[in-house]
Amino acid sequence: MQSIQKKLLTWYDKTKRDLPWRETDDPYHIWVSEIMLQQTQVKTVLPYYTRWVNTFPTVEKLASAQEQKVLKLWEGLGYYSRARNLRKAAGIVVKEMGGRIPNTVEGLLDLPGVGRYTAGAIASIAFGLKAPVLDGNVKRVVSRLFRLNENGTTAASEKHLWQAVENLLPARRVGDFNQSLMELGATVCTPKSPACLECPLRTSCKAALEGDVERFPPTRRRVQVKKIEVSAAVILKNGKTYIQQRMKGGLMGGLWEFPGGKREIGETPEECLKREIREELGVGATRLKKIMTVKHSYTRFRVILHVFRCCLNKGRLRPTGCKQWKWVSPSRLSAYPFPAANVKILEYLVNGARNKIIGKTKLKPKP
């Protein structure tokens, strides 16, 4: 084990990527980075992390921030519950812990949004505690290193992998060692075509020595991505557009959206939108004009969004199923957090306003 530890730490010291959260010992900044890195690639996280620590440099600043500002800063990063839990946990740290982030795994696990992996990462990196980490990269490295037929899809398999990682931990520099395992999995011991000749552990890796690295970890059963078709409406009045806020607790809760909903079997996109508008707003929709189709992929489903410009019949709006609703000028839309699939709609409206065609009878669709 000592040989593996030494080889990996030596390699890490020479080749580690220059990442901003590796240049600080601030537990709060390390915590933010670990939450952002959950199921998200480093290259995606980098600009979000920089903006976040510039806007909320301390846990106190985050705790006092409005949720909408937090969600707006997180916009496009996905898994929005991470942002809401981070803000909620910051409030607990400030109000109940005097602003001091827990320095034990047990204490960290009590915070909303912090699981065993995140607690281990913060504890080892920020506080130097001997705590293991186990993410997708580490699972792959350990499975190959010890030729374990485990992928973590069952409780028993997960337990086996956690124990294997814990047995690997050195007495010193645990935080660096944990990061070296993750770094190795991200840059060398990749899922496909791993660079075994560049690996510092190639003479210790049982799978490499047996020549069957790509057999480990065993393939997970592929989850079929579900396709969802949705219709959404751009409704304009006096140069402003109607938007509504999603209810908290649901998917993407707290974000803003354009009215509409999921297409039912047998419906055309137009029929879907008319039904949804009547159900959501209490009035009918007329003069539908298709302006774009947006395709966006999430982890477990793929959205095809049919976007129409439409008018509303006369009558008082009675929005249901939303927390609040507003008429907003295109220039103010950027202040509201929207799901990523709405970005092209926002661009369309902002460009329309800039070209002074919002509010006219016809609004040309984007080419």
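Since every read-out is calculated from the coordinates, none of them should be taken as a lab result. Quick caveat: nothing in here was measured; it's all calculated off a predicted structure. Quick reminder, even Gly has a Cβ in these numbers, built from the backbone with ideal geometry, and neighbours come from all protein chains shown.
Quick look at the values:
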| quantity | calculated |
| --- | --- |
| Nitroxide proxy distance, nm - points 7 Å out along Cα→Cβ at Ile265 and Val225 | 2.4 |
| Nonlocal amide H pairs with Gly99, under 5 Å, H built at 1.01 Å | Val94 |
| Bridge type composition, the range 227-354 - antiparallel percent by DSSP, nearest 5 | 70 |
| Entries of Lys192/Lys226; Lys240/Lys326; Lys248/Lys314; Lys139/Lys159 with Cα pairs more than 18 Å apart | Lys192/Lys226; Lys248/Lys314 |
| Met97 versus Asn351: modelled label distance in nm, points set 7 Å from Cα along the beta carbon direction | 4.6 |
| Peptides ranked, highest mean first, by Cβ atoms within 10 Å: ranges 118-124, 44-50, 79-85 | 118-124, 79-85, 44-50 |
| Simple label model, 7 Å out from Cα along Cβ direction - Glu67 to Gln39, nm | 2.0 |
| Antiparallel DSSP beta bridges within the chain, percent to nearest 5 | 70 |
| Between helix 174-187 and the chain: long-axis angle, C-alpha atoms, 0 to 90°, nearest 10 | 60 |
| Burial ranking of peptide ranges 55-65, 320-330 (average Cβ count within 10 Å, highest at the top) | 55-65, 320-330 |
| Angle in degrees between helix 81-97 and the longest Cα principal axis of the chain, rounded to the nearest 10 | 70 |
| Qualifying trypsin sites (Lys or Arg not before Pro) in the range 152-205, DSSP loop, other Cβ atoms within 10 Å at most 13 | Arg172, Lys192 |
| C-alpha long axis of helix 2-15 to longest principal axis of the chain, angle in ° | 50 |
| Peptides 260-267, 225-232 ordered by average Cβ neighbours within 10 Å, highest first | 225-232, 260-267 |
| Sequence of Ser180, Ser143 once ranked by neighbouring C-beta atoms within 10 Å, starting from the fewest | Ser180, Ser143 |
